[in-house]
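Report on the structure given below.
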């Protein structure tokens, strides 16, 4: 078993301006099927449009923003759960005044943007 | 894409006294690999010892408590991330004064306690 506060996991650049990521559960902890990350996106910033073969499931811990696909835009708030199917182009945007903090779970293997 | 606040998902009995569950992302939303649930455990309550073939990954949203295996007990607080390997007997306990609210992600298929 592995238990740790996410704040004690090293934060790394997340692949976009104003985006950081903590890999809180990964293969290093024994995971074999999916990984859990905590992303933080600064106010006014957005992640690049990207897609991958792996569906992902996310949960908004704090902040406000939106998620955009080629077909729709949905509002995000504390408590929002998000399912993005495989191969759907998507992008996160922070439209609030505080950091947008999101738990994101993604199946192995992970395709980067 | 599917976006919804977890509070708008119906809460159901969670299989133990004082335990409720919301299935926030499941096959109904198009998930094919893993499901996300939000559990709420009342103060003083615990889930039964159980194990299953599917590893799971969890995140404590609110409250305080502990998770117990046959070998160890770890403290839980807001922000704790938890990885439980396959076939490890485990039990959650709320030792605080408020509800213990946990996001729990588990691979399909799901074995119940």
| remark: When (1) over 18 Å from residue A:108 (Cα atoms); (2) out of contact with any strand residue (DSSP E or B) (no Cβ under 7 Å at 6 or more places or on another chain) are applied to residue B:85, the one that fails is (1)
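I'd like to verify a number: residues in region A:64-113 that are touching a residue at least 12 places away in the same chain (Cβ under 8 Å) and in a strand (DSSP E or B), how many? Talk me through it step by step, then tell me what you get.
Our first condition is that a residue be touching a residue at least 12 places away in the same chain (Cβ under 8 Å); within region A:64-113, this holds for A:64-70, A:76-113.
Pick out the ones that are also in a strand (DSSP E or B) and you get A:65-69, A:76, A:80-84, A:90-94, A:100-107.
Result for region A:64-113: 24.
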| task | Could you check, for region A:56-66, whether at least one of its residues is more than 8 Å from chain B (Cβ to nearest Cβ), modelled with pLDDT of 95 or more and over 17 Å from residue B:6 (Cβ atoms)? | result | yes
| Only one of (1) crowded, with 17+ Cβ neighbours inside 10 Å; (2) over 30 Å from residue B:68 (Cα atoms) is not met by residue A:81, so which one is it? | (2)
| Which residues, taken from region A:1-23, are without any contact (Cβ under 8 Å) to a residue 24 or more places away in the chain and over 11 Å from the mean Cα position of the chain (by Cα)? | A:1, A:3, A:4, A:5, A:7, A:8, A:10, A:12, A:13
| query | out of contact with any helix residue (DSSP H, G or I) (no Cβ under 9 Å at 6 or more places or on another chain) and more than 19 Å from residue B:84 (Cα to Cα): does that describe residue B:45? | reply | yes
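The values are calculated or read from the model by the stated rules, or taken from the named source; none is laboratory data. Just so we're clear, the structure is a prediction, and the values are computed from it rather than from any experiment. Here the Cβ is made from the backbone with ideal geometry for all residues, glycine too, and neighbour counts use every protein chain on show.
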